[in-house]
Structure formats: structure tokens, C-alpha cells
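The values are calculated or read from the model by the stated rules, or taken from the named source; none is laboratory data. Not measured: the values here are computed from a predicted model. Note that each Cβ is placed from the backbone with ideal geometry, even for glycine, and that neighbours are counted across all protein chains shown. To get the accessible areas, we keep the full protein, side chains included, count just its heavy atoms, and leave off ligands, DNA and RNA. Shrake-Rupley method; radii C 1.70, N 1.55, O 1.52, S 1.80 Å.
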Amino acid sequence: MRKAEAARGVFRAWNAVCGGTREGEHVTGLRYLSDQNKLLVYLDDAVWTQEMTMLREIIRARMEREGVRLDGFVFRTTKPGFKRSGVERPRVEKKAAPTPPSTAPLSAEEEGAIDAAVAPIADDRLRKSLKKAMKASMEWKKGTDLKNKA
């Protein structure tokens, strides 16, 4: 009974950490190895097995925050052709991409003001990056002001 309770706690913590995530969508099975205090995780592709291996410490720390301390994970790739049993989650349709923010082109004076503001910066990459950021900010602000006036 204690092993069953421990396994329930592990599965609850796993669902709290990985349930509904893109990583969790590729899990085809779980098994708690109570004698080793490890969680055996089956994944649908070798790429995801590698990905989860890289994320193991993050997942373990998050599960520990949920109250479950594991000694580790064992990640395995499911055999080809295996069909996941149980209830399939309905696919959620992706939302339409948000409309980009409105912008307005800058005048020559505004461009000159940006050039003058970034001129003292010696590092070329930093100067160009700052100029690009300042220009984008001013274009956005100008476009939003025009939109609000309309």
C-alpha cells in the first residue's frame, strides 16, 4: 500500500510539472520504480528522449517543489508503432497571430536625433543595436499616437 501511495504522489507531481506542456505531450507511459526511487518515462521519439534527458534536473527540482523527491529518471523511447492507450486529449486550435503594432516612419529630424544620441558610443555593435531599439520604440510610439488620435 505504501508503494502505491508513493507512486500516486510521484504521478501527481509529474502531472503538476509536465501535464499540459509540449514535453508532456510526447510522453507515452510512466512507471514508478519504487525500489530505485526513479521514474521511468517512455517518450514517442528519440529526439524527445534526448530533450527530456537534458531537462531532467529541472523537472526533478520542480517535482521536489511539489513534495516528491526522486533519485532520478530513466528515459526510454517507445517502440515504433506503439499506440498510446487511454483518452486522447483534444487538439487545441492555435489562435490567430496577433496583429503587429502600428508604426509610423520617422522624419529626418527624428532620425538625426537618434544618430546624435548614439554617436558617443564607441562599440559599433552596441551603437547599432541601441539605434535600432530606439528607432523601433519611436516608430511604435509615433504609430500609437496617430492611432489614438484617429
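So the values come out like this:
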item	result
Pairs with Cβ under 7 Å, 6+ apart, first in region 2-18 and open to solvent by less than 20 Å² (accessible area, probe 1.4 Å), second of a type in the set (D, E, K, R)	13/66
Output for region 26-49, where each listed residue is assigned to a helix (DSSP H, G or I) and loosely packed, with under 13 Cβ neighbours inside 10 Å	46, 47
